[in-house]
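The values are calculated or read from the model by the stated rules, or taken from the named source; none is laboratory data. Since we're looking at a predicted model, the values are computed, not measured. Cβ coordinates were reconstructed from backbone atoms using ideal geometry, including for glycine residues, and neighbour counts include every protein chain displayed. Ligands, DNA and RNA are excluded from the accessible area calculation, which covers all protein heavy atoms including side chains. Shrake-Rupley method; radii C 1.70, N 1.55, O 1.52, S 1.80 Å.
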Amino acid sequence: MGSQVLVALGLSLIGGLSTSIGALFVILNQAPSLKMLGILQGFAAGLMLSISFLDLAHNAINSIGFLKGNLWFFAGVLFFAIVANFIPEPTLAPVSDSTKKTGDEGGKDIMKKRRRQVLFSGIVTAVGISLHNFPEGMAVFLGSMKGLRVGVNLALAIALHNIPEVCVLLFCNISNFQTDFCKWQAFKLATLSGLAEPLGVIIVAYLFPSTLSPEILEGLLGAVGGVMAFLTLHEMLPLAFDYAGQKQAVKAVFFGMAFMSASLYFLEISLPEEMSL
């Protein structure tokens with residue numbers, strides 16, 4: 001059990017800390033293209049849909065049967081649909097530039113107000129990302145219980161999708177406040193939110209015993225597929241459509257699915273399906 005937890009922690013840290021890469025992309029680019037961010041979001045959605053439907057749900061149905069596999073999958077969908085109601089939406093009302101004309105004191109007050117707004121918005125965004133990352137950490141641990149290949153597959157998909165997801169969320173929240181303070185706060189909060197993934201590993205490690213039956217494990221992984229599918233279709237895909245347009249976003253989705261399928265194939269032939277941890 002100890003080695004499984006350590007391996008899952010290492011894999012989840014890779015996925016979690018990829019949020020820092022997404023934050024750096026926004027910080028180092030003065031004005032990232034919304035269209036490019038939308039295409040990246042579509043690509044990330046394709047990654048998640050591929051591993052949800054073509055890997056997790058597919059394996060669950062093949063392992064425990066069509067009915068049970070679908071029941072577990074839609075249980076995951078229903079679970080995260082309920083959780084999504086409690087995830088705060090990262091919104092930020094910009095401050096009017098007209099107030100800059102009130103003099104030095106007014107300028108200082110405006111700067112303080114802006115910093116409070118950015119910090120609050122960043123915290124809301126970080127909470128939202130953390131609530132997304134937490135079940136992803138659980139998924140990596142459950143995958144690692146089945147085998148190293150499954151755990152690596154999930155960690156890869158999560159790491160690749162976290163980067164554009166964080167890019168879009170942070171850009172939406174700091175685009176009106178291009179200051180060093182805003183960018184530094186965004187980076188710190190994005191990095192901290194990524195630590196929700198290893199936290200998910202630690203918690204689920206004590207919720208599920210190492211002697212979990214193969215049928216329950218397959219069912220839980222099918223439910224993870226439902227969670228990821230709902231997250232993708234509910235939050236990631238609409239953003240991709242908004243920023244990149246429907247045609248470009250759909251192309252990016254299928255490119256992401258093809259990329260993830262190829263990655264899964266090469267991992268499958270390079271790692272044993274069952275590998276003792």
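Go through (1) closer than 23 Å to A196 by Cβ; (2) modelled with pLDDT under 80; (3) surrounded by fewer than 17 Cβ atoms within 10 Å (Cβ to Cβ) for N29 and report which single condition fails.
For N29, the failing item is (1).
Restricting the first residue to region 48-65 and requiring it to be in a helix (DSSP H, G or I), which pairs with a second residue that is basic (K, R) meet a Cβ separation below 9 Å and a spacing of at least six or different chains?
N59/K146; A60/K68; I61/K68
Taking the condition open to solvent by less than 30 Å² (accessible area, probe 1.4 Å) and modelled with pLDDT under 80, does C182 pass?
Yes.
When the residues of region 150-179 are narrowed to those that are at pLDDT 80 or above and among the polar types (S, T, N, Q), which ends up nearest to D55 (Cα to Cα)?
N153
Going residue by residue through region 222-232, is there one that turns out to be part of a helix (DSSP H, G or I) and more than 16 Å from the chain's Cα centre (by Cα)?
Yes, there is a match, as at least one residue in region 222-232 is part of a helix (DSSP H, G or I) and more than 16 Å from the chain's Cα centre (by Cα).
Please find, among G256, G222, G226, the residue that is in contact (Cβ under 8 Å) with a residue 12 or more places away in the chain, within 14 Å of G143 (Cα to Cα) and open to solvent by less than 20 Å² (accessible area, probe 1.4 Å).
The unique qualifying residue is G222.
Give region 32-70 a look and list any residue that's open to solvent by less than 80 Å² (accessible area, probe 1.4 Å), under 18 Å from F259 (Cα atoms) and not aliphatic (A, V, I, L, M), or say none.
Result: G38, Q41, G42, F43, G46, S50, S52, D55.
Can you find even one residue in region 70-91 that is over 19 Å from V204 (Cβ atoms), touching a Ser or Thr at 6+ places or on another chain (Cβ under 9 Å) and at pLDDT 75 or above?
No, that holds for no residue.
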